[in-house]
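Right, one structure below, let's go through it.
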Amino acid sequence: TRESVGTDVLPHLEPPDPVFVAEVKAHVGDVLLVDDGMPTEGAAALARLAAEAGVGLLRLPANFGKGHAIAAGRRHLLGRVPAPQAVVVLDADGQHPTSSIPPLLAAAADAELVIGNRLSELGMPPLRRFTNRLTSRLLALVTGHPVPDSQCGMRLLRGRALREVEFPGGRYEAETLHLKRCLRSGVRVAWVPIPALYGGQPSSFRGVRDGTRVLGALLRA
């Protein structure tokens, strides 16, 4: 069974690069773009891109946040017949290189949740790097498991991580909370090094607001 991909599209004004979408499709075969409440013009352009690229499109009525977008994409994919055996999630703004998909697929032979590890890279903005290191260390303390990178959005879900451990709604804290649930449930988790590609693009992550949400997720039951 060929893996499906949920591509989280944050509410940017422009759709992802068609070359990026084509490269993702070449690696996994089946792509789902999740439109998390893009403005009308951007949504229309995204719909055209999906049609031209021959990929799926799931449009949400409003910008509910990254966690809700991933959760909605997961439910949509698992509702298919047949449902995918694995789902790769990556951001559509180009921060996650498509060349890192094969290492995630390879690591999934021994893990049910595979996460990119960017912390060996110096390209991450200092505030993001500090927040990620802090939350990763706290999550390691809370769960008793080593956590190299708790917040990387590029990840592969299969087995229990895909079908049994519910992916929560919310914003950036959802990925940390899902990882916490997986670690506490005994799900096999692996990390693979990936580059940190920012290239001066504006980030939807807000250090204080979203960092507080992530820290709050660590304190939840």
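The values are calculated or read from the model by the stated rules, or taken from the named source; none is laboratory data. Just so it is clear, the structure is predicted and the values come from calculations on it, not from any experiment. Using ideal geometry, Cβ is built from the backbone for each residue, glycine included, and neighbour counts are taken over all protein chains shown. These accessible areas exclude ligands, DNA and RNA; they are computed on the full protein's heavy atoms, side chains included. Shrake-Rupley method; radii C 1.70, N 1.55, O 1.52, S 1.80 Å.
The residues on offer are L179, L162, L156, L139, and the sole one that is part of a helix (DSSP H, G or I), open to solvent by less than 10 Å² (accessible area, probe 1.4 Å) and closer than 13 Å to G116 by Cα is L179.
Does at least one position in segment 113-133 carry a residue that is modelled with pLDDT of 90 or more and in a loop (DSSP other than H, G, I, E, B)?
So in segment 113-133, the residues modelled with pLDDT of 90 or more come out as 113-117.
So of that shortlist, the ones also in a loop (DSSP other than H, G, I, E, B) come out as none.
Checked segment 113-133: no residue is modelled with pLDDT of 90 or more and in a loop (DSSP other than H, G, I, E, B).
Among all residues of segment 90-97, there is none that is touching a strand residue (DSSP E or B) at 6+ places or on another chain (Cβ under 9 Å), of a type in the set (A, V, I, L, M, F, W, C), open to solvent by 10 Å² or more (accessible area, probe 1.4 Å) and part of a helix (DSSP H, G or I). Here is a check on your reading of the model: is T98 of a type in the set (S, T, N, Q) and touching a His at 6+ places or on another chain (Cβ under 7 Å)? In short, yes.
This table checks each residue for (1) at pLDDT below 90; (2) farther than 17 Å from L177 by Cα; (3) among the charged types (D, E, K, R).
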site	(1), (2), (3)
G54	no, yes, no
R75	no, yes, yes
P82	no, yes, no
Q95	yes, yes, no
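Between P148, P168, the distinction of being assigned to a loop (DSSP other than H, G, I, E, B) and over 22 Å from L197 (Cα atoms) belongs to P168 only.
If you go through segment 62-82, how many residues are surrounded by 15 or more Cβ atoms within 10 Å (Cβ to Cβ), in contact with a strand residue (DSSP E or B) (Cβ under 9 Å, 6 or more places away or on another chain) and not in a loop (DSSP other than H, G, I, E, B)? Residues meeting the conditions: 9.
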